[in-house]
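The values are calculated or read from the model by the stated rules, or taken from the named source; none is laboratory data. The structure presented is a predicted model; accordingly, all values stated were derived computationally and were not measured. As a convention, Cβ positions derive from the backbone with ideal geometry for all residues, glycine included, and neighbour counts pool all protein chains shown. These accessible areas exclude ligands, DNA and RNA; they are computed on the full protein's heavy atoms, side chains included. Shrake-Rupley method; radii C 1.70, N 1.55, O 1.52, S 1.80 Å.
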Amino acid sequence: MPDANPMRSHARLTGVVRLLGAAAAAGVLVAAIALPAVGGSGAAVVSAADELNLRPMELEEPPLPQASTVYDAKGKRIAQFFAEDRKVVRLDQISEIMRKSIVAIEDDRFYQHGAIDIEGTVRALAKNLGSGGVSQGGSSITQQYVKQVLLNSADTEEGKEKALEASYARKLNELRYAMSVEKKYTKDEILAKYLNIVYFGAGANGVEAAARRFFGVSAARLTLPQAATLAGAVQNPNTTNPEAGAKARKALLARRNTVLDRMAQLKVITPEEAAEAKATKLGYKGISQPNGCQATVSAPFFCEYVRYELLTNKAFGKTPRARQEAFRRGGLRIYTTLDPKAQAAADKAIKRLVRPSDRALASEALVEPGTGMIRAMASSRPFGSDAKKHEISYNPVADMKHGGLIGFQAGSTFKTFTLLTALKKGMKIGDGISVGGSYTAPSTSAFKDCKGNNMGIPSWAVTNDEGTGGFKTLATGTWGSVNTFFVALEQRVGLCETVETAKSLGIRRADGNPLHEVETFTLGINEMDPLTVSAAYAGIAARGKYCVPLAITKVTDVATGRSTSFAPQCRQAIEAPVADAAANVLSGVFTQGTMRGVGGIGRPAAGKTGTTDGYASAWFAGFTPDLAGAVSIGDPRGSQRYKLTGITIGGQYFGSVQGASLPGPIWKDTMLAALKGTPATPFTAVDQDRFGGCGSSCAPVRRQTPDDDDQAPEDDGVIDDTQIADLPGGGALPTTTPEGTAPEGTVPGGLVPDGTGGAGTE
């Protein structure tokens, strides 16, 4: 309790003031004296405080940095982030012996003095003056708390140095702040704040983190020797850091025993209890807490996507600095869209067919149609920085904005956007074009980008690997993935119109640059990431409703209890009947087209394979009404330089890798497992009046081609109404594989495959 005798208290304070004056006159730094704050009672104390011009000054106490926890859609923790390993706890969540230990060694009169401990200060002052330096401090726990707050609040090295500088001004300010803290909080509240903010060493901030790091227990379960160890570590956590080696651990053990002796001296414990505790080993366990995505096992790439969302999305702060500060402060509970079942399905499917040691890299994203919720993000290599373990330190499932790289050219998955554009422009499923085995633009103005520039290249020819030609309809051309048909179709419906269709479904380059609007846009010469392509196809599955990929559904601030929810951001990008017709055509890819050899998944599904020029990369993008996914595979060292030819993947040799070789089977295995137990949902039937049969393009009128011999009259491409009612089961059209590609090294628009069109390097 404060001294009840005002005259004695005044005398002591006056002595302090006189000593301070003597010290100043002698040129000794007053700051080094650890000047305490004012306490006690009566007018005499106030008078002495006036001599030092001490008045309470409000201390700004920002929330302490804590760990942020990430949860999946089922509420299970998948990761945590922290700049400082800390978990704030209440005083009743800290063992009583821990509280007694810290008070005994740091400020044994904490509950007796006010904001100033006169006896402790006079004792420290006398010793410091006698030694000519600083050999003993007199700071109370309240003052130590103030210093820690100022240190934690500093966001620059200069600010941190200022918070620790040995100056008279700093000490006086600390005293003023301490007076305010003592008036604002009870002693128990101050002690709790101190134990939550102080650093104990080994990367542990606050007593809860320290208890778990040092001994693997909560602060509530700390024993006497454990509590004494932590209390001893506070004085100089760097020299007693048990992670620093045997010498530091020996110093920590000695410091623990000093605390135990002091507790016995103060009769907080008995000499026998002290002796028994001193006989125990240090018991340090060094249990590290997982921090970041490298430590999470279940979904590291999804975790990375969440981290980048927190740092780049304006929903989490208006400026980059605000977002960075919010992330550093932490203390958030982050609830996400990750489906552990879907994630496990994607991981298993990739692992079965592609190994981490393979030079080819496979990645997959799963998105829920109608919401844009990201259900899984998987890759064939683990996330990390250890090259010997074949780890990668970027996110191959996402774009650059979310930690990815340039991505891979999407190949024939882009033909879907030309198909959609044709349907939007009024073509029926049975409408078509006669094409040969090669195609050349009739003029430079045959293709115009969205700025009106002529993009046709009459001197350049698009070819099909197998030279198939003839009359192709929207259905048969899609099923066979015929290059010449789709470039001719893009000419008819418009390059810019096709680009706008793709953009409406969220298509943008993985590197963030504008889409390359060139003649071969429909052949997929733009580099993409699986998540963007998956979200676009999910838009078709949702009957034309595109939703921005969504990873975070709710964020709760632990300090304030305030929660912010995030709803899907969707828009009707394509008319529902157009999307329905496209889904119907794409369903035939499994039964009539390039996925015929792989087969379906036992429920309504649609999709499109993608194989790029020279087998640089391979894709499959597909969907059911319930789930969409996209799989890419390529060499991350540079897909245009390191082609997928003559390559061994997953222990199997491939002369060349196509969309149906690996991406298709990965997608199929993933969907079978991810949708197991989910009732099958049918696609909406095609609007027969609008898209049934064929219109003005029924007759197989041949367009002029460079080589008539390339015409292949394998079918007339005309589909009757009976077939349209059930396209996947109608007409056994032979599969056309591999997909046709343009001549290697001649992609127009300055995109030379062996040059800058690659996927980047690890």
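Want the number for ALA254 to GLN289: 0.36 nm per residue separation, take away the alpha-carbon distance, what's left?
9.9 nm
Give, in whole angstrom and from largest to smallest, the semi-axes √(5λ) of the equivalent ellipsoid of segment 503-570, with λ running over the eigenvalues of the Cα gyration tensor.
32, 15, 8
Report the local net charge at TYR71: Lys and Arg +1, Asp and Glu -1, summed over other residues whose C-beta lies under 10 Å from its C-beta.
With Lys, Arg at +1 and Asp, Glu at -1, the neighbours total +4.
What's the ranking of 538-550, 236-248, 188-200 by average number of surrounding C-beta atoms within 10 Å, highest first?
Final packing ranking: 538-550, 188-200, 236-248.
Test of understanding: express the Cα radius of gyration of segment 619-665 as a ratio to 2.2 N^0.38 Å, with N the residue count.
1.30
Once phi is turned into θ = phi - 60°, what whole-Hz ³J(HN,Hα) does the Karplus curve with 6.51, -1.76 and 1.60 give for every residue of segment 565-570, x standing for Gly and Pro?
Each residue's phi maps through the Karplus curve to give 9, 10, 8, x, 10, 10 Hz.
If r is the Cβ-Cβ distance from ARG77 to CYS450 and R0 is 51 Å, what FRET efficiency results, to the nearest 0.05?
It comes out at approximately 0.65.
Per residue, how much accessible area does segment 536-673 have with a 1.4 Å probe, in Å²?
On a per-residue basis, segment 536-673 sits at 30 Å².
For segment 514-617, what log10 I(q)/I(0) values come out of the Debye formula at q = 0.17, 0.19, 0.21 1/Å, with one point per alpha carbon and no solvent?
Cα-only, vacuum Debye calculation for segment 514-617: -0.99, -1.13, -1.26.
In what sequence, highest mean first, do 104-111, 430-437, 556-563, 388-395 appear when ranked by Cβ atoms within 10 angstrom?
Going by the mean number of other Cβ atoms within 10 Å, highest first, we get 430-437, 104-111, 388-395, 556-563.
Between ALA542 and residues 5 or more places away or on another chain, which pairs have amide H atoms under 5 Å apart, with H built 1.01 Å from N, and which residues are they?
GLY370
For segment 505-548 and segment 585-603, what is the separation of their C-alpha centers, rounded to whole Å?
The distance from the Cα centre of segment 505-548 to that of segment 585-603 comes to 22 Å.
At what distance in nm do the modelled label points of LYS401 and ARG328 sit from each other, each positioned 7 Å from its Cα along Cα→Cβ?
2.5
What ranking do 400-411, 565-576 get when scored by the average of other Cβ atoms within 10 Å per residue, highest first?
So the peptides 400-411, 565-576, ranked by packing, come out 400-411, 565-576.
When the expected Rg is taken as 2.2 N^0.38 Å, what fraction or multiple of it is the alpha-carbon Rg of segment 437-483?
Its radius of gyration relative to the 2.2 N^0.38 Å reference: 1.34.
What percent do you get for the relative contact order of segment 191-343 when only Cα pairs under 8 Å and 6+ apart count?
Rounded, it is 17 percent for segment 191-343.
Report the net charge of residues surrounding ALA605, where surrounding means a beta-carbon distance below 12 angstrom and charges are Lys +1, Arg +1, Asp -1, Glu -1.
Every neighbour counted, the sum reads +2.
At what distance in nm do the modelled label points of ASN313 and ASP188 sit from each other, each positioned 7 Å from its Cα along Cα→Cβ?
If labels sit at ASN313 and ASP188, their model points lie 4.1 nm apart.
Give the long-range amide H neighbours of LYS472: residues separated by 5 or more places, or on another chain, with amide H under 5 Å away, using H modelled in the peptide plane at 1.01 Å from N.
Here ILE433, SER434, VAL435 satisfy the definition.
What share of all Cα pairs of segment 148-246, in percent, falls into each consecutive 5 Å distance bin?
Percent of Cα pairs in each bin: 2, 12, 18, 21, 18, 15, 10, 4, 0.
Could you give the nm distance between label points at ALA169 and GLN112, where each point is 7 Å from its Cα heading toward the beta carbon?
The answer from the label model is 3.7 nm.
In the neighborhood of CYS570, defined by Cβ-to-Cβ distances under 12 Å, what is the net charge if each Lys or Arg adds +1 and each Asp or Glu adds -1?
Summing Lys and Arg as +1 and Asp and Glu as -1 gives +2.
Applying 1/(1 + (r/R0)^6) with R0 = 45 Å to the Cβ-Cβ distance of ARG221 and ARG359, what FRET efficiency is obtained, to the nearest 0.05?
So, using R0 = 45 Å, E works out to roughly 0.35.
Take the cross-link list LYS76/LYS545; LYS76/LYS351; LYS100/LYS250; LYS100/LYS187 and give me the ones stretching past 18 Å between alpha-carbons.
LYS76/LYS545; LYS76/LYS351; LYS100/LYS250
Shape call for segment 146-192 from the C-alpha gyration tensor, a ≥ b ≥ c root eigenvalues: rounded (a/c under 1.5), prolate (a/b greater than b/c) or oblate?
It is oblate, given that a/c is not under 1.5 and a/b is not larger than b/c.
At what distance in angstrom do the alpha carbon centres of segment 237-314 and segment 197-212 lie from each other?
Here the two parts' Cα centres lie 6 Å apart.
How much FRET efficiency would the formula 1/(1 + (r/R0)^6) give for GLN572 and ASN513, where r is the Cβ-Cβ distance and R0 is 30 Å, rounded to 0.05?
0.65
Cross-link candidates for LYS162: which lysines have Cα within less than 17 Å, leaving aside residues fewer than 8 places away along the same chain?
Result set, ordered by chain and number: LYS147, LYS171.
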